[in-house]
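Student: Sharing a structure, written as structure tokens. Questions coming.
The values are calculated or read from the model by the stated rules, or taken from the named source; none is laboratory data. Here the structure is a predicted model, which means the values were calculated and not measured. Neighbour counts are summed over all protein chains in view; Cβ atoms, including those assigned to glycine, are modelled from backbone coordinates with ideal geometry.
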Amino acid sequence: MDIPRDLRLKLNELSKEVFGVSSKWQKILRDGTTSVLTRTVKETVPGKEGEEPTVKEVEVPVLTPHGAKQLVTKRYTVEDIHSMLLGYKAQLDAIKAIQKQQLEEKTAAEAKHKALKEVHESAFGSAVK
């Protein structure tokens, strides 16, 4: 399969950012991904005392005649992998932004606590001398 050089380099960079390895996208392209085959089943959930039972749609794995879960290999095109990596990168960027915000809030709270402690010590001092 002929993949243009600039696209290969983009995929290498995205793969490095997302997976930490620049060649992971090539393995996905070559081997695909495996997942468990599922089917949707309606399940009745009994209600509590005096309540009606509810019906929910639940995903359950499809089993082989021997009771093993059935796996399906999904194959991807280069465009599919590119869009998948872009989606993963967007998710990672959102997670990193949330972590950064939480870290900033934590450092601000620690700074506020430290300032209050210093004010308390300067105003009241220590009983031990």
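Student: Determine which single condition GLU110 fails, assuming it passes every other condition in (1) in contact (Cβ under 8 Å) with a residue 40 or more places away in the chain; (2) in a helix (DSSP H, G or I); (3) over 18 Å from the mean Cα position of the chain (by Cα).
Tutor: Every listed condition holds for GLU110 apart from (1).
Student: Take THR54 and decide whether it is surrounded by 10 or more Cβ atoms within 10 Å (Cβ to Cβ), farther than 30 Å from ARG5 by Cβ and more than 22 Å from the chain's Cα centre (by Cα).
Tutor: On the way: surrounded by 10 or more Cβ atoms within 10 Å (Cβ to Cβ): yes; farther than 30 Å from ARG5 by Cβ: yes; more than 22 Å from the chain's Cα centre (by Cα): yes.
For THR54, the condition - surrounded by 10 or more Cβ atoms within 10 Å (Cβ to Cβ), farther than 30 Å from ARG5 by Cβ and more than 22 Å from the chain's Cα centre (by Cα) - is met.
Student: Taking the criterion of being of a type in the set (D, E, K, R), under 24 Å from LEU11 (Cβ atoms) and either touching a helix residue (DSSP H, G or I) at 6+ places or on another chain (Cβ under 6 Å) or assigned by TED's automatic domain parsing to the domain that holds THR38 (or both), would at least one residue in region 91-103 satisfy it? Before the answer, list the steps.
Tutor: Residues of region 91-103 of a type in the set (D, E, K, R): 93, 96, 100.
Among the residues that remain, those that are also under 24 Å from LEU11 (Cβ atoms) are: 93, 96.
Remaining after also requiring either touching a helix residue (DSSP H, G or I) at 6+ places or on another chain (Cβ under 6 Å) or assigned by TED's automatic domain parsing to the domain that holds THR38 (or both): none.
No, region 91-103 contains no residue that is of a type in the set (D, E, K, R), under 24 Å from LEU11 (Cβ atoms) and either touching a helix residue (DSSP H, G or I) at 6+ places or on another chain (Cβ under 6 Å) or assigned by TED's automatic domain parsing to the domain that holds THR38 (or both).
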